[in-house]
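The structure under discussion appears below in the form of structure tokens.
The values are calculated or read from the model by the stated rules, or taken from the named source; none is laboratory data. Everything numeric here is computed off the predicted structure, so don't read it as measured data.
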Amino acid sequence: MQVTVKLFGSVREATGCKELSVELRDGTTLGELREELARDYAIFAELGERLAAAINFDVAAFETGLVDGDEVAFLPPVAGGAGRCVLSEAPLDPATVVARVSSHGNGGLVTFSGAVRDHARGQEIRHLEYEAYPGMAEREMEKICHEAETRWPGACVAISHRVGRLEVGELAVVVAAAAPHRAEAFEAARFAIDTLKQTVPIWKKEFAEGGDYWVDDRP
């Protein structure tokens, strides 16, 4: 059987490939595919258990069996379209994100905007680059919004995130949360940005005075 392997962030850079076509024996598991790739690309062994994976846009356990035609994406640790959840190569407009959640029934409206800092990890930052897994990233952001709206009934949440090159001062992410009361709006917004940093397949590369590097879950 044959599967397509999508690579992102530090894994893409280390392998020099955005996509691989791999021939496998029937019944091969996701973990066995990872082991096979590790023989050719050391980055798979280096990341080890910190490397997640998805099959056809859904995060999957490494015991999962593969079938012919599957699209597998290997997802290095995260730094942390139309509709309410958007990846954008253009500058973000907070007012546009707010408009997706505003209604006359919501008296509380909270926005969080994350901008590119000029210093990080003790170094001067020149610019950043964000890379995402399109399709899966929007799906995961939609899950976050749905979870927030389930936890805080009446809330409405929207997220936009930049991809590509960002200069210092540009907005990387905007979260808007509206709810009947301010407490729910604050809680929903905080939940959304905190969860996004942990689960959405978006990776950040910092270009600093001392060199460039991918930011993941390492200290």
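Need at least 1 residues that are within 22 Å of residue 11 (Cα to Cα) and modelled with pLDDT of 90 or more per element, so show me which strands (runs of 3 or more DSSP E) inside segment 60-123 make the cut, counting only ones lying wholly within it. Give the steps one after another, and end with the answer.
On the way: elements: 71-75, 85-88, 108-115.
Correct list: 71-75, 85-88.
Any chance you could count how many residues in segment 106-154 are over 13 Å from residue 184 (Cα atoms) and either polar (S, T, N, Q) or not assigned by TED's automatic domain parsing to the domain that holds residue 205 (or both)?
2
Of the conditions (1) assigned to a loop (DSSP other than H, G, I, E, B); (2) at pLDDT below 95, residue 47 satisfies every one except a single condition; which number is it?
For residue 47, the exception is condition (1).
Does segment 2-17 include one or more residues that are of a type in the set (Gly, Ala, Ser), part of a helix (DSSP H, G or I) and farther than 20 Å from residue 129 by Cα? Explain how you work it out, then say what you get.
First, the residues of segment 2-17 that are of a type in the set (Gly, Ala, Ser): 9-10, 14, 16.
From the residues that got through so far, the ones that are part of a helix (DSSP H, G or I) too are 9-10, 14.
Cutting the leftovers down to farther than 20 Å from residue 129 by Cα gives us none.
Within segment 2-17 (the criterion being of a type in the set (Gly, Ala, Ser), part of a helix (DSSP H, G or I) and farther than 20 Å from residue 129 by Cα), the answer is no, since none of the residues qualifies.
Could you tell me whether any residue of segment 22-44 is under 18 Å from residue 205 (Cα atoms) and assigned by TED's automatic domain parsing to the domain that holds residue 71? Can you show your working first?
Within segment 22-44, the subset under 18 Å from residue 205 (Cα atoms) is 43.
Going one step further and asking which of them are assigned by TED's automatic domain parsing to the domain that holds residue 71, we end up with 43.
Yes, segment 22-44 contains a residue that is under 18 Å from residue 205 (Cα atoms) and assigned by TED's automatic domain parsing to the domain that holds residue 71.
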